[in-house]
Every structure is written in C-alpha cells, then in structure tokens.
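First comes the structure, then the notes that go with it.
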Amino acid sequence: MDKQNTFRIGTGAGFSSDRLEPALDLLRHGKLQAMVFECVGERTLAFGHRDRRSDPTRGYNPLLERRMRAVLPLAHAAGTRIVTNMGVANPRAAAQHTVKIASELGLKGLKVAAVTGDEINHLIGPDTHLMEPDCQLSETGREMLAANAYLGIDAILPAIEAEADVIITGRVADPSLFLAPLAHHFSWQLDDWPTMGAGTAVGHLLECGAQVTGGYFADPGHKEVPDLAHVGFPLAEVTADGSATITKLASSGGLVSQRTVKEQLLYEVHDPNTYLTPDVSADFSRVNLADDGQDRVKVNQAGGTRRPDQLKVTIAFDGGLLAEAEVSYAGPGAADRARMAGDIVAERMRDLHGRNGPMRVDLIGVSALHASAVDYPATAEDVRLRCALRASSQAEAELLLWEVEALLCCGPAAGGGYRGHITPSVMTYSALVDRADVVPGLEIFTA
C-alpha cells in the first residue's frame, strides 16, 4: 500500500483500563504509522487531579508504566508514533516518566512531548455557569479540584512537527488524537472543514477501541461476534480525502461490519448533523458505508462546517466520601424482604441520624441500574440490597455501613453476605470558555 497516499493508524486503548495485548498485536503486525491510546474520561480526569493533589509526581494514567514498557520497543522498531492522553492531569510528569522508561530500555534519543495548557483553573470562578445543573459554580457548594478545556489538533500538531516519537497530552478531544497525525501527514488545512469532519469521523470510529470491532456490539442470540475473548483493536487505512477503511488484524477475534461501524458512528453523538469538537462541527448525517471484504468497511462522505468559537471544559469537584453497603436475601419473598430492609435503613438514617440528603436504595436482581425508576415484578428469589450515599464526613459514611450490617440480626429475616465500602468520590460538570483564552503549551524531553 502506498505510504504517501494511505495512512495506517490504529487504536491502542479505548479507555483508561483497556487491555494491552491487542495493542501489542497491532504494533507487531499492523504496519502502523501511528497508534493512539485514548484513556481519559471525565471521571478519570477528576481522579487524576485527586491523585496529583496527594502526590505532585502522579496524576497520570496508572497503567502508563506497564503500557510504555511493552509498547516503546515495538513502536520504535516499527517506526510507529504513539499519541496518547495518558497524561490525564499531569502530562509533564507522564512524559518525564516515559523518558525514564525509554532510557532504561536503551532507546537512546527517543523524543517525548508533553502537551499542556488544557488546565485552565485561572479562567474559572464562582460566577462560571455550569451547563448540566444550569447554575453558577458557587451554587454547587463543593470544592473545585480543577478545570480542563478540551484541546484540539492545534495543540498536538507542534509536537508532531517537532518529530516527537511519543506525544502525551492531558484533556484533548478524543477524535483529535487521531485527526492530528492524519492532518499532518496529508497537509490538510485546518479550516478545510469538510476534510476535518471526515478525519474526525475516522477518529470517532477508532477512539473506543474494541467497540467498533464487536466488543460493545456483542449480544448473544442477537448479534454474534466470533472469538470475543481475543477481540482485536481496530485500525484505519485513511486516504488523502479523509475516506477510510476500518478493519482489524485477520488473526484477532471480533468483527468489523457495517453494523458495528454504524453503532460506533452514532455512539455519544447527540446530533449527527452537528457533532461539535474543538476542530470542526462534524457532519455524520451523510456518511456512506460499503463492504470491502472480510472485516473491512469503507467509510466516506463525512463532512463538516466551521469549528465552535468556544471550548468545552470539564470541571472536577470533590464529591465527598461514597459509602456503599450490601446484604443479600434469597428464597420466596426475597424481594419483599429486601425492600423492607431498604425502607428500614432509609427511615433510621433520616429519623435517628438526621440524614436529609439523597440516598440510593437498590434491589439488585429486581431493579438497580436505573435508580429504581422502574418497579419490576417482585418475582426474584435472589436479591441483593444495596444502600449508598455521598457523605460529608467519615462518621456519616460509617453510620450507613453500621445500619446495613445491623440488618443481619435486627431483620427482616434471612439477610446475609454483608459487605461495606467507603471510598473517595469525585463529581464533574461542564462549562464553556472562549477559545482565544486557552493557550496550549509544549515541552520536549529526550531519552
């Protein structure tokens, strides 16, 4: 395949804790020019800030060490550039640690770039408007941990132009991680909105890893996927006009079909006509798909219009302590006994302990995933009661665990298998800032 006319780019991770071996297989056999590890979501970013607060040298993806030790030698041998947002809340420290790993592996001269500037705490104040709760920041009553803007390819391209072998970012829009190497390779103009939209479609299809190769698609009896235990990660063969063929290694499990591609194309897209990113207002509404052989789907005719004047911002807050406690009930009437137990805990937390805030009471096995919004028929004979709340203090959290454990003797009948946890929690809300106020940065480190 003509290297100048076709760019091969693959996915190394689709979320923070994704598997490693499919990425290594792609590096060995995929003949890739670039591989992207997409590892940041809103919660992982917030937890990264929490971790950096306790240790200024941390705050990046916990799997960075394991991944880089395995990936760097293969990428170096294959000539594959690595682009990743594993820097999370501390891309500079992640880049420095990667250089240390490269030196230990004998990869002398390896260049690692840290893309910064997404943390914009200085632009956020008490009057900042939060979109989801539709209120000012000061009205949340919570401590802000940090605020990060979604950067685009204009933050990544300088690192590619500096010939960095590994590019580590913090909060960058997921498709931008893929779009930047494509735009650089084909010399796309950043205001060529239809082509930016086409490249964004490729990035969006690849960004979630195995979701487009059958992972999240699989549903036994309805949507069969072969060898899901060894599902492979996707790669794209991209041409100069932004058209692409989505495929995978023939040796890997999973599948690529028009159905898997359609599901991923619409994933998290509220308006296919106007999918807003920092790089373009992408238009997926006229995308055309065509089979191109086994596990090969051609994608073209995505488009786009002018990029937004504002950037989305994730603002992370300390969510207090999350207290969770569970007890199981089994046999005839299990659901009724579990429901009674939940009512008892709620009543005691309110009347004896003065708990006025919200509390989750879920009957796992009857109704749980939708916050008990649906009252399913109480026919289950194997039910687990789960009580949970956000506590403002350790003492308040411990009260919930105490009350749930006390059910074992205080009734109702036949409760068992108690387990309780208290963990730190985070919350995130979104805001908008003017693009002109956000200034990306770049640092280069060499092994």
Exactly one of 93, 78, 89 is in contact (Cβ under 8 Å) with a residue 60 or more places away in the chain and surrounded by 15 or more Cβ atoms within 10 Å (Cβ to Cβ), and that residue is 89
From 137, 130, 123, grab the single residue that is farther than 24 Å from residue 444 by Cβ, out of contact with any helix residue (DSSP H, G or I) (no Cβ under 8 Å at 6 or more places or on another chain), in the same structural domain as residue 310 (by TED's automatic domain parsing) and surrounded by 15 or more Cβ atoms within 10 Å (Cβ to Cβ).
-> 137
Look at region 11-56 and say how many of its residues are over 21 Å from residue 214 (Cα atoms), small (Gly, Ala, Ser) and in a helix (DSSP H, G or I).
-> 3
Does region 57-66 contain at least one residue that is closer than 18 Å to residue 248 by Cα, of a type in the set (A, V, I, L, M) and either assigned to a loop (DSSP other than H, G, I, E, B) or in the same structural domain as residue 142 (by TED's automatic domain parsing) (or both)?
-> no
Cβ-Cβ below 6 Å, separation at least six or inter-chain, first residue in region 201-218 and not assigned by TED's automatic domain parsing to the domain that holds residue 230 and modelled with pLDDT of 95 or more, second surrounded by fewer than 24 Cβ atoms within 10 Å (Cβ to Cβ) and assigned to a loop (DSSP other than H, G, I, E, B): which pairs?
-> none
All-but-one check, residue 324 against (1) surrounded by 20 or more Cβ atoms within 10 Å (Cβ to Cβ); (2) modelled with pLDDT of 95 or more; (3) of a type in the set (D, E, K, R), failing number (1)
Taking residue 194 as the residue in question, decide whether it is modelled with pLDDT of 95 or more, within 22 Å of the chain's Cα centre (by Cα) and in the same structural domain as residue 80 (by TED's automatic domain parsing).
-> no
If you go through region 262-273 one residue at a time, do you hit one that is in contact with a Ser or Thr (Cβ under 8 Å, 6 or more places away or on another chain), part of a loop (DSSP other than H, G, I, E, B) and assigned by TED's automatic domain parsing to the domain that holds residue 33?
-> yes
Note on region 27-51: residues over 11 Å from residue 177 (Cα atoms), crowded, with 24+ Cβ neighbours inside 10 Å and among the β-branched types (Val, Ile, Thr) are 40
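Can you give me the number of residues within region 407-447 that are small (Gly, Ala, Ser) and closer than 19 Å to residue 391 by Cα? Spell out how you get there, then give the answer.
Filtering region 407-447 for residues small (Gly, Ala, Ser) gives 411, 413-417, 420, 425, 430-431, 436, 441, 447.
From what is left, the residues that are closer than 19 Å to residue 391 by Cα are 420, 425.
Residues in region 407-447 being small (Gly, Ala, Ser) and closer than 19 Å to residue 391 by Cα: 2 in total.
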Looking at 48, 79, which is the one that is among the small types (Gly, Ala, Ser) and within 18 Å of residue 173 (Cα to Cα)?
-> 48
Specify the residue that is farthest from the chain's Cα centre (by Cα); the eligible residues are those in region 262-286 that are surrounded by fewer than 21 Cβ atoms within 10 Å (Cβ to Cβ) and among the β-branched types (Val, Ile, Thr).
-> 274
Per the filter on region 96-108, residues of a type outside the set (Lys, Arg), on the phi < 0 side of the Ramachandran plot and surrounded by fewer than 24 Cβ atoms within 10 Å (Cβ to Cβ) are 96, 97, 99, 101, 103, 104, 105, 107
Is one or more of the residues making up region 155-177 free of Cβ contacts under 8 Å to residues at least 12 places away in the same chain and surrounded by fewer than 24 Cβ atoms within 10 Å (Cβ to Cβ)?
-> no
Say we look at region 417-436 and pick out the residues that are of a type in the set (Gly, Ala, Ser) and part of a strand (DSSP E or B); which of these is nearest to the chain's Cα centre (by Cα)?
-> 430
Tell me which residues, restricted to region 405-415, are at pLDDT 95 or above and not hydrophobic (A, V, I, L, M, F, W, C).
-> 405, 412
Cβ-Cβ below 6 Å, separation at least six or inter-chain, first residue in region 242-271 and hydroxyl-bearing (Ser, Thr, Tyr), second surrounded by fewer than 14 Cβ atoms within 10 Å (Cβ to Cβ): which pairs?
-> none
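The rows are residues; the columns are (1) on the phi < 0 side of the Ramachandran plot; (2) touching a Pro at 6+ places or on another chain (Cβ under 7 Å); (3) modelled with pLDDT under 95.
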residue: 3; (1), (2), (3): yes, no, yes
residue: 25; (1), (2), (3): yes, no, no
residue: 35; (1), (2), (3): yes, no, no
residue: 40; (1), (2), (3): yes, no, no
residue: 43; (1), (2), (3): yes, no, yes
residue: 70; (1), (2), (3): yes, no, no
residue: 83; (1), (2), (3): yes, yes, no
residue: 87; (1), (2), (3): yes, no, no
In the set 106, 170, which member is farther than 30 Å from residue 390 by Cβ, modelled with pLDDT of 95 or more and either over 18 Å from the mean Cα position of the chain (by Cα) or in the same structural domain as residue 59 (by TED's automatic domain parsing) (or both)?
-> 106
Is there a residue in region 395-416 that is over 25 Å from residue 136 (Cβ atoms), under 29 Å from the mean Cα position of the chain (by Cα) and surrounded by fewer than 16 Cβ atoms within 10 Å (Cβ to Cβ)?
-> no
Among the candidates 307, 286, single out the residue that is in a loop (DSSP other than H, G, I, E, B) and free of Cβ contacts under 8 Å to residues at least 60 places away in the same chain.
-> 286
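The values are calculated or read from the model by the stated rules, or taken from the named source; none is laboratory data. As the structure is a prediction and not an experimental result, all values here were calculated from the model. In this analysis, Cβ positions are derived from the backbone assuming ideal geometry, glycine residues included, and neighbour counts consider all displayed protein chains.
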